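The values are calculated or read from the model by the stated rules, or taken from the named source; none is laboratory data. These numbers were taken from a predicted model, which means no experiment stands behind them. Cβ coordinates were reconstructed from backbone atoms using ideal geometry, including for glycine residues, and neighbour counts include every protein chain displayed.
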Amino acid sequence: MRIIQSLSFLAIVLILCITLIPTASAHRVHVRELITEVEIKAWYGGGDPMANANVEIYSIRDEQEKLYDEGKTDENGLYYFAPELGTSSYRVVVELTGHKGELEFDLTAGSQPENAELPLYLSVLVGFGFLAGIGGIAAYLSARKMKAQ
């Protein structure tokens with residue numbers, strides 16, 4: 001019985017050692033990023049994509065802006081372009097039938113939308129919540145007034 005306990009203890013220690021010891025590698029590891037394509041997405045306020053919209057890409061280098069690329073979005077409102085070597089800042093202008101949107105971003109920092117818009121269903125839900133809140137306040141004030149009389 002004592003031999004079985006000793007073998008069980010050794011097996012548990014062996015399993016723990018195998019799982020807890022990190023793997024070793026004699027090879028050096030190199031990691032780098034490679035941005036080969038930038039995706040631009042354009043959509044209207046309700047969430048519908050801006051299909052076949054005109055896109056202009058301006059590269060910004062040393063405070064100078066120049067037209068780098070232009071084209072049209074696909075049916076999903078997407079446009080792809082390869083970044084210019086040595087340039088990380090861009091300004092994108094998307095326009096279709098009087099609707100125009102602009103975005104300036106830096107590939108090293110990412111983009112932060114200034115006026116992010118809620119999806120339509122969330123806007124409706126927020127509106128109903130607002131109205132329910134006003135109704136609740138009105139009911140509370142009415143009940144308080146009736147109780148005072």
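Observations
- The set of residues in the stretch 60-84 being under 22 Å from the mean Cα position of the chain (by Cα) and assigned to a strand (DSSP E or B) consists of LEU78, TYR79, TYR80, PHE81.
- Answer residue from the stretch 34-61, given it is closer than 15 Å to THR108 by Cβ and either of a type in the set (Gly, Ala, Ser) or in contact with a Gly (Cβ under 9 Å, 6 or more places away or on another chain) (or both) and is modelled with the lowest pLDDT among those: ARG61
- Contact map, the stretch 75-86: first residue at positive phi, second residue surrounded by 11 or more Cβ atoms within 10 Å (Cβ to Cβ) and among the charged types (D, E, K, R), Cβ cut-off under 9 Å, separation 6 or more or different chains; pairs are GLY77/LYS41; GLY86/ARG61.
- THR36 fulfils the conditions (1) without any contact (Cβ under 8 Å) to a residue 40 or more places away in the chain; (2) of a type in the set (Ser, Thr, Tyr); (3) exposed (fewer than 10 other Cβ atoms within 10 Å of the Cβ) except for a single criterion, (1).
Yes/no per residue for (1) of a type in the set (Phe, Trp, Tyr); (2) surrounded by fewer than 10 Cβ atoms within 10 Å (Cβ to Cβ); (3) closer than 18 Å to GLY46 by Cβ:
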site	(1), (2), (3)
ASN76	no, no, yes
SER89	no, no, no
HIS99	no, no, yes
LEU103	no, no, no
GLN149	no, yes, no
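So that you can scan it fast, the table gives a plain yes or no per residue for (1) closer than 17 Å to GLU37 by Cα; (2) touching a strand residue (DSSP E or B) at 6+ places or on another chain (Cβ under 9 Å); (3) modelled with pLDDT of 95 or more:
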| residue | (1), (2), (3) |
| --- | --- |
| GLU63 | no, no, no |
| ASP69 | yes, yes, no |
| GLU84 | yes, yes, no |
| SER89 | yes, yes, no |
| VAL92 | yes, yes, no |
| GLY101 | no, yes, no |
| GLU104 | yes, yes, no |
| GLN112 | no, yes, no |
| ASN115 | no, no, no |
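- Residue in the stretch 118-132 that is more than 28 Å from LEU34 (Cα to Cα) and not in a helix (DSSP H, G or I) present: yes
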